[in-house]
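These notes are about the structure you will find just below.
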Amino acid sequence: MSESVKESAKHKGTSADSDSVLEIKGLDVTYSTSRGDVQAVRGLDLAVRRGEILGIAGESGSGKSTLAVALLRLLKPPGKVTAGSVMFHPAGRSPVDLLKVNGEELRVLRWSALSYLPQGSMSSLNPVMRVQDQFKDVILEHAPARKDSLGELIPRLLSQVGLEPRVGRMYPHELSGGMKQRVLMAIAVALEPDLVIADEPTTALDVTIQRVILQSLADLRTDFGVTLMVISHDMGVHAQLVDRVAVMYEGRLVEVGDVRQVFKDPQDPYTQQLIESIPRVGRRSS
Amino acid sequence: MKSELELRGVQQRFHARGVASGYITAVDDVSFTLAAKPPQVVSLVGQSGSGKSTIARNVLGLQKPTAGSVLYGGKDIFKLSRAEYDAYRRDVQPVFQDPYAIFNPFYRVDRVLWKALKKFGLTKSRSKGLELIEESLRAVRLEPENVLGRYPHQLSGGQRQRIMLARVHMLRPSFIIADEPVSMLDAQVRKHFLDILLDFQREHAMTTLFITHDLSTVYYLGGEVMVINKGQIVERGPVSTVMHEPSHPYTKLLLDSIPQPDPDARWTSRISVDELEERADAKAAPAPEAPIL
């Protein structure tokens, strides 16, 4: 344990070592409103290392979801990226600035290199399509070459998240919240992306299902070597799942560090407050 | 006002396809009593598909149980006379989960409050009515001028939920049946809402049945708690006892599954998907819809 703390100290901060999947530099995101501009993300520097699970923590309105949609290029007006660069290093391809790619180039990257795991209880699945058709939709759109292997691929993906092949023939309304979230996870990793951005993947699920989903997320990294960026307001989720945590407050990054260091020895007063404000329920497990 | 609401051996079955028996049992032999005096907060906690919302529908008389009975003041609520039923409908008030679904989007939010005044004959005079509405809005920490005359889409989820509480406040029922009222609200608004419920208990002697899947909410409210799993109440008692010394394995599993905010206390065991899979079947039950008031 002390070894990992030492190691984290070496890597601490935002210094981009050579094996980063994503390097965010000086990112500013602004929403224009009738009462002037609101800066949702301010001068954010952050590097995501290959193979790690990085948590983004912060309260509502801290800018963590805005960060996610900006990285995914899903930011909608009045939101606008006003400064910064996001260098993405997909394995076996040349690095690209995610904020500059457009059209076909972006479409090719999406899903095969960079994918998104939304909050499952929301309307993320098409209610009138069978689960397997939603897989086909994504796979054929982003990797048409895989058409012939679909019949074998879909059941394999489902089993990797602990679902039976028959789930493929079901409609979303036949699935529980936890099953929907696992279907979304299977879709997110269908094309073996380099980086998955998960936005509040367990919010609105009850605790036991949340635990299963967190287990499966950890498995994704072990089994697929996926790099995960997990956005959650729940400090408990970060403590259980991630390797490093980045804490956001009012659009700024106040602290980044190894999960143990952040929880045991928070450097920023806001992080301290955030950790102290966690309600502790009942007895301690273990 | 009757002083007791009792469930006696309530069982609720739903027809279901693809199950050998042809039905699933959502609520299985559930009995408990809610007393109006002294006012109490009783939480019913369980995961999705455990049957907790079905119990709310049974208590509110929206769904007749397939066996057992719901008693209000000792009488079966499905066998009340017209006058008794009216009294029961006033004395037992719901607060539902979805602050969007309960409002008709075409009407201003005032209507929900005026309707309640009219239906329950609180007052005939318009000025007295407005006075009551404003008083109740203030009791739930809403400024009347900020909400009256608005349409539901112009208010936040927290404001809408508090309007439902204002409606409850106007009617001064003995019992509030709150079915996941805070699960769609964020942390700060959630605390606000819970504080109002506790106010109601203290100042207006209202007893609340609080249905939730969130253990930290239960912990915050205190009082009594019942844990439900697969339609059966597996453990009940004061919140402090149940949370600190859970006796049933399911309660232990629930408590252990709260992610501890300590990276050194990570889960060491895995829980299997199979033990949670029965939810797939439970899901076949029709999703309870909140009626538009």
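Here, each number is a calculation from the coordinates, and none is a lab measurement. All values derive from a computational prediction rather than experimental measurement. FYI the Cβ positions are ideal-geometry reconstructions off the backbone, even for glycines, and counts take in every protein chain you see.
For this structure, a couple of remarks:
- Ranked list, fewest to most other Cβ atoms within 10 Å of each Cβ, for A:PHE88, B:PHE106, A:PHE224: B:PHE106, A:PHE224, A:PHE88
- DSSP assigns beta bridges within chain A; of those with both partners inside it, close to 60 percent run antiparallel.
- Of B:LYS52/B:LYS230; A:LYS180/B:LYS64; A:LYS76/A:LYS100; A:LYS25/A:LYS100, those spanning more than 19 Å from alpha-carbon to alpha-carbon: A:LYS180/B:LYS64
- Of all DSSP-defined beta bridges confined to the protein assembly as shown, some 55% are antiparallel rather than parallel.
- Relative contact order (%) - criterion: Cα under 8 Å, at least six apart; region: the stretch B:75-173: 39
- Simple spin-label estimate for A:ASP148 and A:ALA83 in nanometres, 7 Å along Cα-Cβ: 5.3
- Segment B:HIS15-B:ASP110, length gained on full extension (0.36 nm per residue, minus Cα span): 30.3 nm
- With Cα atoms as the point set, the radius of gyration and Dmax of chain A evaluate to 18.9, 55 Å.
- Taking 0.36 nm per residue of sequence separation and removing the Cα-Cα distance, the A:ASP45/A:ARG169 pair yields an extension gain of 40.3 nm.
- Relative to the dominant Cα principal axis of chain B, helix B:110-119 is inclined by about 80°.
- Over the protein assembly as shown, volume per residue of the alpha carbon convex hull, in Å³: 165
- Between B:SER43, B:SER240, B:SER136, the Gaussian network model of chain B with springs among Cα atoms under 10 angstrom shows the greatest mean-square fluctuation at B:SER240.
- For the residues A:GLN39, A:GLN272, A:GLN134, a GNM of chain A with alpha-carbon springs under 10 Å puts the largest fluctuation on A:GLN272.
- Taking every alpha-carbon pair under 8 Å whose residues sit at least 6 apart, the stretch A:2-276 reaches a relative contact order of 26 percent.
- Helix B:187-204 and the longest principal axis of the Cα set of chain B meet at an angle near 70°.
- Cβ-based net charge around B:GLY121, under 11 Å, with every Lys or Arg adding one and every Asp or Glu removing one: +3
- Charge context of A:HIS233, other residues only, Cβ under 9 angstrom, K/R +1, D/E -1: -3
- Label-reachable residues, the stretch A:119-159, where backbone N falls under 19 Å from a point 7 Å from A:ALA91's Cα toward its Cβ: A:143, A:146, A:157
- Contact order normalised by residue count of chain B, Cα under 8 Å, 6+ apart, percent: 27
- Gain in span if fully extended, B:GLU143 to B:ALA83, counting 0.36 nm per residue against the direct Cα distance: 18.1 nm
- Note on A:GLU104/A:ARG280: beta-carbon distance plugged into 1/(1 + (r/R0)^6) with R0 of 60 Å gives a FRET efficiency of 0.75.
- The protein assembly as shown - mean residue ellipticity at 222 nm from DSSP helices (-39,500 (n - 2.57) per run, n ≥ 4, rounded to 500): -10000 deg cm²/dmol
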